[in-house]
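The values are calculated or read from the model by the stated rules, or taken from the named source; none is laboratory data. These numbers were taken from a predicted model, which means no experiment stands behind them. All Cβ positions, glycine included, derive from the backbone under ideal geometry; neighbour counts span all protein chains shown. Areas reflect the complete protein model, heavy atoms only, side chains present, ligands, DNA and RNA absent. Shrake-Rupley method; radii C 1.70, N 1.55, O 1.52, S 1.80 Å.
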Amino acid sequence: MRQLPIGLFFILLFFSTAYGQSFRVTIAPGLHGEVLEGRLLLLIANNDKEEPRFQVSDGAGTQLVFGVDVDGWKPGEAQWMGVNAFGYPLERLADLPAGDYYVQALLHKYETFHLKGGHTVKLPMDRGEGQHWNLAPGNIYSKPVRLHWDPAHSQEISLTIDQVIPAIKEPEDNKYVKHIKIQSKLLTEFWGRPMYIGAHILLPEGFDEHPNVHYPLAIFHGHFPADLSGWRTTPPDENLPYDTSTRFRIANYHRMEQGLAYQFYKDWTGPGFPRVLAIEIEHANPYYDDSYAVNSENLGPYGDAITYELIPEIEKRFRGIGKGWARFTYGGSTGGWEALAVQVFYPDEYNGCYAACPDPIDFNHYTTINIYKDKNAYYIDDSYKRTPRPAYRDSLGHISAMVHEMNQRELALGTRTRSGDQFDIWEAVFSPMGPDGYPQRIFDKYTGVIDPRVAEYWREHFDLTHIIRRDWPKIGEKLKGKMHIYVGEMDSYYLNDAVYSAEDVLKKLGNPVCDCQIDYGHRAEHCWNGDHTQPNYISRLRYHQMYIRKWAEEVKTRAPKGADLKSWRY
């Protein structure tokens, strides 16, 4: 049998895979007056319960997304999405079975940044939404249309982008809640354009009536807050529609949330509650909805900007005590990692941390991956089997997502660590900057192969357990008694595994003894925070009440001689 020339073979292979039914995407003239760059997303759903752009998730029932990078989209031009477009959970558009679907296109816009180090990168700047591509103001999209798809056909399907996501209104000040935003000199210098950080500030009861009192600062770390979370000055809405929490299997959960937010207001303004300034920080950035509150090669000096620029400005404007002994941090999940990290990296600036269900604090257990010993992040090392690593479970251990699936979704949403999601932000914060100006991959996003050189960088710069052990002779006296870590034994993201190994290290520390608290919630999933008296679905809504009261008692043993521990306890 005569063989085809190898060049002709690959040409025929290309045409057989690259051609088929495709999408042609144009932008309505009124929306396209400039050259655009970003990630063009094709959203496909088999139902119209809501727009396809709101139906992509890690769990069961997710719908589909396919993406291509767009560079220099000029007015009047079209973009094509063919059968080879990469997607999730189906890897290629060619894998989509023939049938009727609801389809829309969306362009997640990128901005060009000229970084301090000389690199030029293109990233999606947060625009007040907390780094959500399907809600980002200024992103443009098409209305969903119902159409028939058949990968065996070769005709072109046209979609027209004619909608713009509107701007988000800034929250307003009131008697108790204030808002602050400052331009950071440090971050502006790093990013090469004006960069801002801010906070939502909860003033204590009696703030105006006690003009000579200065207050401790309670710093609640966590994901992007549109406004102060968990706060409500009126009883729950009696007309709130009936709902059921799928996660907790609780009826009328929104009403419960409103009731607990109102209870916080009554506690905060009632007698006996410690009078402090409570803040939630806004530090959304081009990679994620927050910065992890540390200095990073890829995100810049957010740790210094928050600690040395933002916090002193808040204390200046709102009569904070302004001393490290009078500041403490708390938070859950991302916020739990941040609370512990800033205490470790800035031991003189904070006097206690309460880290609930923290993101991996020991990279021997980076969720279900050991980045130091494993060869592949997606599959357990084996000569003959290909066992995928789990990523998400419920309290009974039932698995609904794998590590490779989560990363496939992120890769469909954005290349070069630009998905705005969990594994990508860990990589952006923890990794060194690559020669192209983007974060170096801890593992190949497609294959899962781990890069041991990047893993070593992570160890020395952001593996909190390793850093505490390594630096204990220098920082031990400053950290003893300040660290509190809580996690459920069935944490949904397997974050308890890292806490187990951290506990083994921390309890062996000496000169001085760590005197840290580590506690576990029996059968508790994400994000248990140390409350043994309430179910997880309630305790997760009571961070302020729990930790502010706890710190107000503990500070009596850790405040320096002569510190004011009375005037703010009226």
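Quick look at the numbers
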quantity	calculated
Selection within the range 134-149 - open to solvent by 30 Å² or more (accessible area, probe 1.4 Å) and either touching a Ser or Thr at 6+ places or on another chain (Cβ under 6 Å) or assigned to a loop (DSSP other than H, G, I, E, B) (or both)	Leu135, Lys143, Pro144
Per-region count, the range 159-188, residues surrounded by 14 or more Cβ atoms within 10 Å (Cβ to Cβ) and outside any strand (DSSP E or B)	9
Those residues of the range 23-62 which are farther than 16 Å from Arg146 by Cα and in a loop (DSSP other than H, G, I, E, B), in sequence order	Ala28, His32, Gly33, Glu34, Val35, Val56, Ser57, Asp58, Gly59, Ala60, Gly61, Thr62
Residue check, Tyr215 under 30 Å from Val342 (Cα atoms) and among the hydroxyl-bearing types (Ser, Thr, Tyr)	yes
Residues within the range 248-307 that are assigned to a helix (DSSP H, G or I), within 30 Å of Asp564 (Cβ to Cβ) and open to solvent by 40 Å² or more (accessible area, probe 1.4 Å), tallied	4
Every residue from the range 213-226 that is open to solvent by less than 60 Å² (accessible area, probe 1.4 Å) and in a loop (DSSP other than H, G, I, E, B)	Val213, Pro216, Gly222, Phe224, Pro225
Filter result for the condition that a residue is surrounded by fewer than 16 Cβ atoms within 10 Å (Cβ to Cβ) and in contact (Cβ under 8 Å) with a residue 24 or more places away in the chain, over Asn47, Asn84	Asn47
For Ile538: the one exception among (1) modelled with pLDDT of 95 or more; (2) in a helix (DSSP H, G or I); (3) surrounded by fewer than 22 Cβ atoms within 10 Å (Cβ to Cβ)	(1)
Checking Gln440 against (1) open to solvent by 40 Å² or more (accessible area, probe 1.4 Å); (2) more than 21 Å from the chain's Cα centre (by Cα), the condition it does not meet	(2)
Of the criteria (1) assigned to a helix (DSSP H, G or I); (2) under 26 Å from the mean Cα position of the chain (by Cα), which one Ser229 fails	(1)
Residue pairs meeting the criteria (Cβ under 7 Å; at least 6 apart or on separate chains; first farther than 13 Å from Tyr570 by Cβ, in the range 261-274; second in a helix (DSSP H, G or I) and of a type outside the set (Asp, Glu))	Phe264/His544; Phe264/Gln545; Asp267/Gln545
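Residues checked against (1) touching a His at 6+ places or on another chain (Cβ under 7 Å); (2) in a strand (DSSP E or B); (3) more than 14 Å from Gly38 (Cα to Cα):
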| site | (1), (2), (3) |
| --- | --- |
| Pro97 | no, no, yes |
| Leu106 | no, yes, no |
| Ser154 | no, no, yes |
| Ile157 | no, yes, yes |
